[in-house]
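To start, the structure under review is shown below, and the notes come after it.
The values are calculated or read from the model by the stated rules, or taken from the named source; none is laboratory data. These numbers were taken from a predicted model, which means no experiment stands behind them. Don't worry about glycine lacking a Cβ; one is built from the backbone with ideal geometry, like all the others, and counts go over all protein chains shown. For the accessible areas, the whole protein counts, side chains as well, though only heavy atoms, and no ligand, DNA or RNA atoms are used. Shrake-Rupley method; radii C 1.70, N 1.55, O 1.52, S 1.80 Å.
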Amino acid sequence: LIASAALRRYQAVTEPRIYESFNLSQRNRLFQALTDARWRHSVNERAANNIHLLTEEIPRLGAAAFGLVGLVSRFFLVVIHLIVAILLSPLLTGFVALAGVVLTVATQPLVKRARQRGRKVSLAYQDLYGSIDEHLAGLKTIKAHGLEESSVRAFEGRSAAAADAVVDVTRNEANAAFVMQAGSALALTGIVWVALGLDSVTPAGLVLLLYLFARLVPMLTGLQRGYQGIVNKLSAVELVEEAVARFSDEREARLRGDSVPRARGAIELKDVSFRYQGAEDRPVLRDIDLVVPVGRTTAIVGPSGGGKSTLADLLIGLLSPAAGALLVDGVELTDDQRPLWRKRVSYVSQDIFMFHASVRENLVVARPGATEEQLWEALESASAGFVRELPEGLDTIIGDRGTKLSGGERQRVALARALLREPDLLVLDEATSNLDSVNEARVQEAIAGLHGRVTLVVIAHRLATVREADAIHVMLDGRIVESGTWDELCRVEHGALRTLAAAQGLVAPPRGALAAAEPGPD
């Protein structure tokens, strides 16, 4: 009894360790494939679907694998019992085997249905996860528009659909179990009836056969239920493997070492064109020639939808051009070198990402091991000295996505994080577009302080941000249509920059525009 208890304890500890180690390896495999995929592919993926795969489908996949191990062990037990039964009475064992075949055929429709309903569970929970993600991301808008009730009803509907899918799976398993158990009971009754009419079966032999079959029938039932359980979870295996294959096909090549030279002269886009997948007939960028001198501030401006953010993604190496090249000091970067190039650049967008952690933890992700002095130097360069006034300074928790900080404060902490890397290139993509005038002025002050110290590309449609840039490039419909300084471009009577600046009230409109605006005689 003590030995049995010790063995059971060992089993109780070992089984979950094996189960969780398998889940861990599969989750890491999927996460690695997802992370290594090209950005061009990742932007087409729904984040909630990938969260669902990592959190919900991986455990189901593990359960399928663990069920397979249990199925094999049950199978060997069934074989051993069958061998003993055949030695006792080949005829009665043959009768049981025939009954087993009949029951297997009878439950096949339920097994097929199990696979369909298992996939229905996966899709229902995928939809539920998507609903949760969208609700949490848009909760402020939902509350601001008084949409709480309709959102709750929609969530309840998706939750009910997921619950119903699980119930359908359980019902199907119960139906199959009933068919197996009822059929086994009838088979066992038939065995007893036949055995009583055979002279070769002694009472002792009959008792032994009954004992064997009494143990064998639950094993056969368990075998069938285990098989159906695996079939129920096959959808998880399929979804995970499909995702791994999909991401692996788009895996970004990575060179080891440091084979990308430091930018000392200029970063250049030469004759670059780009199209997104599925939109080959709609080029986002066409024939782009752009030179970003090291140590200067270069501005890319234009109306929304002109291709400015795509151009930024090409500059930092997130995207590869469909035609043309990205050059550093005249040397073209290959696809293998782009991940190494990204280690030399920093990027700040209008949608700032912050961890639910301290200011310090949000900074050091950009440069692990940074000293206190380096952190404060980066914060001061980004005009983020307000951190000193926070309740716990650098160790103040800033809330989910940085919600305890204002928009301008988040932008400046993000800028400090970017500067902490001491990048060859810093790209600010609409970094002030969501700020009020006060915070915008503070961020502009920080940007102005970087002039001449950092190679800076500022992408904006609000032109007040870029008046002091060394060079301004105006983009319209995926093309650079004008280049020059602020003063040079504003002197062009009907130029693209002057038209945009006039629309924002920064310069007087062209004379032709004024004449067109004046009312004529009745």
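Values computed for the structure shown
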{"read-out": "Residue satisfying all of: in the range 360-405; among the small types (G, A, S) and over 20 Å from Y347 (Cα atoms); most open to solvent (accessible area, probe 1.4 Å) among these", "value": "G369"}
{"read-out": "Matching entry among R225, R215, R262 (being open to solvent by 60 Å² or more (accessible area, probe 1.4 Å), in a loop (DSSP other than H, G, I, E, B) and either among the basic types (K, R) or at pLDDT 75 or above (or both))", "value": "R262"}
{"read-out": "Residue within the range 330-349 that is touching a residue at least 24 places away in the same chain (Cβ under 8 Å), part of a loop (DSSP other than H, G, I, E, B) and aromatic (F, W, Y) present", "value": "no"}
{"read-out": "The one condition in (1) hydrophobic (A, V, I, L, M, F, W, C); (2) closer than 30 Å to T55 by Cβ; (3) part of a helix (DSSP H, G or I); (4) at pLDDT below 75 that A253 fails to fulfil", "value": "(3)"}
{"read-out": "Flag if L92 is open to solvent by 70 Å² or more (accessible area, probe 1.4 Å) and modelled with pLDDT under 90", "value": "no"}
{"read-out": "Selected residue [touching a helix residue (DSSP H, G or I) at 6+ places or on another chain (Cβ under 7 Å), assigned to a helix (DSSP H, G or I) and either open to solvent by less than 10 Å² (accessible area, probe 1.4 Å) or within 28 Å of G305 (Cβ to Cβ) (or both)] from L426, L497, L506", "value": "L497"}
{"read-out": "Residues of the range 171-185 satisfying the condition of being free of Cβ contacts under 8 Å to residues at least 40 places away in the same chain and open to solvent by 80 Å² or more (accessible area, probe 1.4 Å)", "value": "R171, F178"}
{"read-out": "Residue that is nearest to the chain's Cα centre (by Cα) [pool: residues in the range 333-362 that are of a type in the set (D, E) and at pLDDT below 85]", "value": "D351"}
{"read-out": "When residues of the range 122-135 are limited to those that are touching a helix residue (DSSP H, G or I) at 6+ places or on another chain (Cβ under 6 Å) and within 23 Å of A176 (Cβ to Cβ), the one surrounded by the most Cβ atoms within 10 Å (Cβ to Cβ)", "value": "S122"}
{"read-out": "Yes/no for V111 being aliphatic (A, V, I, L, M), surrounded by 13 or more Cβ atoms within 10 Å (Cβ to Cβ), within 49 Å of the chain's Cα centre (by Cα) and in a helix (DSSP H, G or I)", "value": "yes"}
{"read-out": "Single residue of I86, I51, I80, I58 found to be more than 49 Å from the chain's Cα centre (by Cα) and among the β-branched types (V, I, T)", "value": "I86"}
{"read-out": "Matching entry among A312, A325 (being open to solvent by 10 Å² or more (accessible area, probe 1.4 Å) and touching an Asp or Glu at 6+ places or on another chain (Cβ under 7 Å))", "value": "A325"}
{"read-out": "Any chance A243 is open to solvent by less than 20 Å² (accessible area, probe 1.4 Å), in contact with a Phe, Trp or Tyr (Cβ under 6 Å, 6 or more places away or on another chain) and assigned to a helix (DSSP H, G or I)", "value": "no"}
{"read-out": "Matching option when the condition is surrounded by 14 or more Cβ atoms within 10 Å (Cβ to Cβ) and over 36 Å from the mean Cα position of the chain (by Cα), among I191, I230", "value": "I191"}
{"read-out": "Unmet criterion (only one of (1) open to solvent by less than 50 Å² (accessible area, probe 1.4 Å); (2) assigned to a helix (DSSP H, G or I)) for E45", "value": "(2)"}
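Conditions (1) of a type in the set (G, A, S); (2) open to solvent by 90 Å² or more (accessible area, probe 1.4 Å), marked per residue:
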| position | (1), (2) |
| --- | --- |
| V13 | no, no |
| R17 | no, yes |
| E20 | no, yes |
| L24 | no, yes |
| A37 | yes, no |
| R40 | no, no |
| L54 | no, no |
| V84 | no, no |
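Table: residues versus (1) within 19 Å of T221 (Cα to Cα); (2) open to solvent by 80 Å² or more (accessible area, probe 1.4 Å); (3) at pLDDT 85 or above.
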site	(1), (2), (3)
K120	no, yes, yes
A137	no, no, no
H145	no, yes, no
S159	no, no, yes
A163	no, no, yes
